[in-house]
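The values are calculated or read from the model by the stated rules, or taken from the named source; none is laboratory data. Everything numeric here is computed off the predicted structure, so don't read it as measured data. Using ideal geometry, Cβ is built from the backbone for each residue, glycine included, and neighbour counts are taken over all protein chains shown. For accessibility, only protein heavy atoms count, side chains too; no ligands or nucleic acids. Shrake-Rupley method; radii C 1.70, N 1.55, O 1.52, S 1.80 Å.
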Amino acid sequence: MPNDTQVSIIVFDVNETLLDITTLEPVFNRLFCDATLLREWFAQLVLYSQTMTLSGLYTPFGELAIGTLRMLASIHGVVVSERDIDEMRQLLGSMPAHPDAAPALERLHKAGFRLVTLTNSASASSPTALEQAGLAQYFEQSFSVEAVRKFKPAPETYQLVADELQVQPAQLCLVACHLWDTIGAQAAGYRGAFLTRPHNAFLPADNVLVPDISASELASLADQIIARWGSASTS
């Protein structure tokens, strides 16, 4: 586990942490007459991505996302057309940034932190999701778990970033709005910064790793990061 090593690099999760997945709600409202099924779909997507990793298997996250939508449709007795699938693919690749994302990234960048991303999503050709959302310019590098063919929170996904950047895990802090992600990162030696966006909360149970810092929006989380590790090196 990390000690008081100075954090110099902030690693951001992408989906829901930076990009707003609620823009997918119209698809679920139209298909299922219930926009809240977005949350069931996303929970199942995460569950089956982790199942694939634990089983030693790999399918790109985007394909799992479409497969999970088809599975959900089968469960609820709904017919999903190829037009629906095309719409879902388009929306998945063009989710907008949360309003608090760019200002917080700007503050962290100006404070001297290096910024990168780590996502379960596969790499994409330009324009990427981050480019379309207007956030790509803040990040020196974007990492995908496809390089290790394992999904977060597998230890190899977090070690990938440390290895590629040639730093110790304790120099990295993961920012994510999913507690399972900060738990995985902290278990791999990172610091953890938990963003409690709606539908995300702490898990009060024994041996669950508690994030180093937490906040309900990115500006406050950025303030805490700067206050704690603000002498970050830009080298």
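Considering helices alone, the calculated mean residue ellipticity of the chain at 222 nm is -12500 deg cm²/dmol, with DSSP H runs of length four and up weighted by -39500 (n - 2.57) and normalised per residue. An oblate overall shape is assigned to the stretch 173-214, the ratio a/c of its alpha-carbon gyration tensor axes (a ≥ b ≥ c) being 1.5 or greater and a/b not exceeding b/c. With a 10 Å cut-off between alpha carbons and a GNM built on the chain, which of His178, His199, His98 moves the most? In this elastic network of the chain, the residue with the biggest mean-square fluctuation among His178, His199, His98 is His199. Seen against the Cα atoms of the chain and their longest principal axis, helix 155-165 is set at about 50 degrees. The overall shape of the stretch 104-197 is rounded: from the C-alpha gyration tensor, with semi-axes ordered a ≥ b ≥ c, the ratio a/c is less than 1.5.
Could you work out the relative contact order of the chain, using alpha carbon pairs under 8 angstrom and six or more residues apart, expressed as a whole percent? For the chain, the relative contact order is 27 percent. If you find the alpha carbon centre of the stretch 46-101 and of the stretch 167-184, how far apart are they in angstrom? Answer, in whole Å: 24.
Each other residue within a Cβ distance under 13 Å of Ser121 adds +1 if Lys or Arg and -1 if Asp or Glu, for a net charge of -2.
Electrostatic tally near Ala176: other residues with Cβ closer than 12 Å to its Cβ, Lys and Arg +1, Asp and Glu -1, net 0.
When a/c is below 1.5 the answer is rounded, else prolate if a/b is larger than b/c, else oblate, so apply that to the stretch 42-93 with a ≥ b ≥ c taken from the square roots of the Cα gyration tensor eigenvalues. Oblate. Less than 15 Å Cβ to Cβ from Leu221, Lys/Arg counted +1 and Asp/Glu -1: what total charge do the surrounding residues give? Within the 15 Å Cβ shell, the charges total -4. At a probe radius of 1.4 angstrom, the accessible area of the chain per residue rounds to 46 square angstrom. For semi-axes √(5λ) of the Cα gyration tensor in Å, computed directly from the structure shown, the correct entry in (i) 27, 24, 16; (ii) 30, 19, 17; (iii) 43, 17, 15 is (ii).
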